[in-house]
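Written below as structure tokens is the structure these notes are about.
The values are calculated or read from the model by the stated rules, or taken from the named source; none is laboratory data. Remember, predicted model here, so these are calculated numbers, not experimental data. For neighbour counting, all protein chains shown are included, and Cβ atoms are generated from backbone atoms with ideal geometry for every residue, glycine included. We work out accessible area using only protein heavy atoms, side chains counted, and drop any ligands, DNA or RNA first. Shrake-Rupley method; radii C 1.70, N 1.55, O 1.52, S 1.80 Å.
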Amino acid sequence: MASVNAIKDDGDRTSLIYNPVVRGIVFQCVVFFGILALIYWFVRNTLDNLARAGRDISFGFLNERAGFDIGQALIPYSSDSTYTDALQVGLLNTLLVAAVGIVTATLVGFIVGIGRLSGNWLIRKICTVYVEVFRNIPPLLVIFFWYLGVLAILPQPRESFHLPFGSLLSNRGLSIPRPVWGEGAWLVGLAFVIAIAMTVFVARQASARQMATGQRLPVLWINLGLFVGLILLAMIVSGFPLSFDVPVLGAFQTSGGFAIGPEFLALYLSLSLYTASFIAEIVRAGIRGVGRGQSEAAHALGIRSGTTTRLVVIPQAMRIIVPPLTSQYLNLTKNSSLAIAVGYPDLVSVGGTILNKSGNSIQIVAIWMVVYLTISLLTSVFMNWFNTRVALVER
Amino acid sequence: MKHIATGIISAAILSIAATAASAATLDDVKARGTLKCGVNTGLAGFAAPNDKGEYSGFDVDYCRAVAAAIFNDPNKVEYTPTSAKDRFELLANGSIDLLARNSTWTLSRDSSLKFNFTGINYYDGQGFMINAKKIPGVNSALQLSGAAVCVQTGTTTELNLADYFKANNLQYNPVVFEKLEEVNAAYDSGRCDVYTTDQSGLYAIRLSLTAPDDHVVLPEIISKEPLGPLVRQGDDQWFDIVKWVGFALVDAEELGITQANVEEMKGSANPEIKRMLGGEANSKFGTDLGLTEDWVVNIVKGVGNYGEVFERNIGAGSPLKIARGLNALWTKGGIQYAPPIR
């Protein structure tokens, strides 16, 4: 006992207040319980006030009849559907514009980003102007520009522009021919799947061969030939089971074909082009981040410029590019809620209508937040996985 | 983003402070010194900022009348421009005391949204407007199958539209916007073939289009749209005040009391007029309501009677030139009828 006391006395020569360990624990406890109390107070107050205002916070209203129509629905929907169906339609529209927007923004962003480093003066300057213009305009204005400045001044449906392949462009959007697959079309699908499998096989063989002998196969041409040849063969065998439903001019709008509304086009173009300007800068930073010596060494080995970029610079740049790229993807998805400004029925727009009609604002805002949080977290999880794949393998 | 902000703000307000949902609104208004009134963001004739930047219009005058009844000064109003979508949330969370924003009186707004409509200040119905130049030969809404229809979200209009096209087996493509200005711009640019809202609104909006004469309002009226001011449930005194300001406006017209003659009418021998203007000995009509005895005098002095308000803002004396129609007094073939002040 005595010895324990002696040690304790030794450590406690100064007051407990000055003991960093004790202090740490005390402060953490204070903060922890403080936050807990704050949360309790917020929730309690909200519930009290909701009860006092006579407002219900259950989600039962979601099964009521919606009563309103939605212009663009990817799943069957009518005014007889429920609020839940309406929210699903909105969610799918959000996901659609976010997904195609992300793909386009990435493509454009990479092209422009690499273009900014081009040796060609004209390309470099065009890309710089692109980035500076789109990066410095608020996304809402870009959306208005496309919607009111470009798409709205297109001609009436009756005087639509006739584009190649029977497509029609008017202020009601773009109508393109819709492929209609006839009997025996499964053969073409099968050919497509086989072609994919074979290209993967060819690519593996080619790289194994290059590893072994140093000789390179013209993989691109072989694969292209495989695709075109196989699909063409399947078409001939099954007797061309493909026809097109070409859009025609109707009384009020085009009928037939596949119609893409101007609301979607405006939102899609604005979000992709706006985000692409940021991605371009990220790509440029990534490429700049790869030491100059890397490309010089590749050139010294006689590797051509394009191949150097593709095989030496980009793989190393990806390590720098991917983390900030994730943020841009999340931004694009969240910015898609600006859809309301041009009447594109996304989650926020549809939710807003329900909010107004049913008066359940707390629930709708909660649904919005949970959905966007989920989408963002899933995107992050995927991008983090991708990041570990491209990260520098440390040996 | 406004509605998100509204939702979050309302959640925040609910979480931090008890709202005035059941408190005496009149006391709050008096203590504050101004009436907080929710109006349209901009609908010519009903509520729109004039060239001096002041709000004016048919609905705005209702707010002014209430302010006149309380403060004897129609200018003591703080206007909150509200979109169709956030208007009810703003009223529910106590950001405004009164909503006068051509809102349709429906059962669900009374019951599930927990509001009280104080009366009907305008009998309206939903109609359709088309550009007769661009789509000639259409003279009935039944010929509109396949049309793109511009409509403001969060309105009864949006729901009637769905019902009407469904009932008549017609196809349509709704193009939905949150703000009136966005709907106007989209329709004006030709994005839609048809504009639908209350007929009074269509006449007002037509004036703001690039070529008003190209557009015609189709004859069909597809719904009853009784428009009126509304307040939160749970404060009967406030409900009574807002309700009786409306009745006083109509009664004043019926008895011939105008902004110009209200002072001399005070000396009238007609007991009905005398009672209404607070001239009856020991009368308590105004004070029982929580106001002063000369509350009707203040209202009429401030904004005029119902007929004057109508003519000045949307009737013959305005660019809209809407006929009184259903909104004429019951004694003149309309259905505007107010209970007596006695």
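Put a plus charge on the Cβ of each Lys and Arg, a minus charge on the Cβ of each Asp and Glu, and nothing anywhere else: the dipole of chain A about its Cα centre is then about 1340 debye.
With N residues in chain B, what two-decimal value do you get for its Cα radius of gyration over 2.2 N^0.38 Å?
Working: Rg = 20.7 Å, N = 342, 2.2 N^0.38 = 20.2 Å.
Taking the Cα Rg and dividing by 2.2 N^0.38 Å, one obtains 1.03.
On the beta carbon distance between A:LYS334 and A:VAL103, with R0 = 22 Å, the FRET formula returns roughly 0.80. Pairs exceeding 29 Å between alpha-carbon atoms, taken from B:LYS224/B:LYS266; A:LYS357/B:LYS321; B:LYS30/B:LYS266: B:LYS224/B:LYS266; A:LYS357/B:LYS321.
If eta is 0.692 mPa s and T is 37 °C, what Stokes-Einstein diffusion coefficient results for segment B:269-342, Kirkwood Rh from Cα pairs, in µm²/s? List each step's numbers first, then the result.
Details: Rh = 13.9 Å.
It comes out at roughly 235 µm²/s.
The modelled label-to-label distance for the pair A:ASN136/B:VAL216, using points 7 Å beyond Cα in the direction of Cβ, is 5.1 nm.
Pop the C-beta distance of A:GLN210 and A:TRP385 into the FRET formula with R0 = 30 Å and round what comes out to the nearest 0.05. FRET efficiency, A:GLN210 to A:TRP385: 0.60. At 1.4 Å probe size, what's the solvent-accessible area of B:HIS215? Round to the nearest 10 Å². Around 10 Å² of this residue is reachable by solvent. Ligands, DNA and RNA aside, A:SER380 has an accessible area near 30 Å² when probed at 1.4 Å.
Considering Cα pairs under 8 angstrom that are at least six residues apart, work out the relative contact order of chain A and quote it in whole percent.
21 percent.
The 1.4 Å probe gives accessible areas that order B:PHE115, A:PHE278, largest first, as A:PHE278, B:PHE115.
By its C-alpha gyration tensor, with a ≥ b ≥ c as the square roots of the eigenvalues, how is segment B:28-75 shaped: rounded for a/c under 1.5, else prolate for a/b larger than b/c, else oblate? Don't skip to the answer; put the middle values down first.
Working: a/c = 2.17, a/b = 2.10, b/c = 1.03.
Prolate.
Principal axis extents of the Cα atoms in segment A:1-160, from largest to smallest and rounded to whole angstrom, are 100, 63, 25.
Taking GluC sites (Glu not before Pro) as candidate sites, keep only those in a DSSP loop with at most 12 other Cβ atoms within 10 Å, then name the longest stretch of chain A containing none of them. The partial results should precede the final answer.
Numbers: sites that count: A:GLU183, A:GLU394.
Of all site-free stretches, the longest is A:184-393.
Taking amide H positions as modeled 1.01 Å from N, with prolines and chain starts lacking one, the residues under 5 Å from B:GLY38 and 5 or more places away or on another chain are B:THR80, B:ASP97, B:LEU98, B:LEU99, B:ALA100.
Taking a ≥ b ≥ c as the square roots of the eigenvalues of the Cα gyration tensor, segment B:135-201 is classed as oblate, since a/c reaches at least 1.5 and a/b does not exceed b/c. Seen from all directions on average, segment A:79-144 presents a Cα convex hull projection of 5.9 nm². Compared with the rule-of-thumb size 2.2 N^0.38 Å for a compact globular protein, segment B:72-219 has a Cα radius of gyration ratio of 1.14. Take the Cα of A:ASN45, step 7 Å along the line toward its Cβ, and report every residue of segment B:86-127 whose backbone nitrogen sits under 18 Å from that point. Answer for this model: B:93-95. Taking every alpha-carbon pair within segment B:167-260, the share separated by more than 15 Å comes to 74 percent. In segment A:114-185 the Cα-Cα distances spread across 5 Å bins starting at 0 as 3, 13, 12, 11, 11, 14, 17, 9, 5, 3, 1 percent of all pairs.
Normalised by 2.2 N^0.38 Å, where N is the number of residues, the alpha-carbon radius of gyration of segment B:56-154 equals 1.42.
Which shape class applies to the protein assembly as shown: rounded if a/c is under 1.5, otherwise prolate when a/b exceeds b/c and oblate if not, where a ≥ b ≥ c are the square roots of the Cα gyration tensor eigenvalues? Taking the square roots of the gyration eigenvalues as a ≥ b ≥ c, the protein assembly as shown is oblate. When the alpha carbon gyration tensor of segment A:282-395 is reduced to an equivalent ellipsoid, its three semi-axes come out at 44, 15, 8 angstrom, largest first. All C-alpha to C-alpha distances of chain A, sorted into 20 Å bins beginning at zero, yield P(r) values of 17, 42, 29, 10, 2, 0 percent in whole numbers. Of the whole protein surface, A:PHE33 contributes about 120 Å² of accessible area at a 1.4 Å probe radius.
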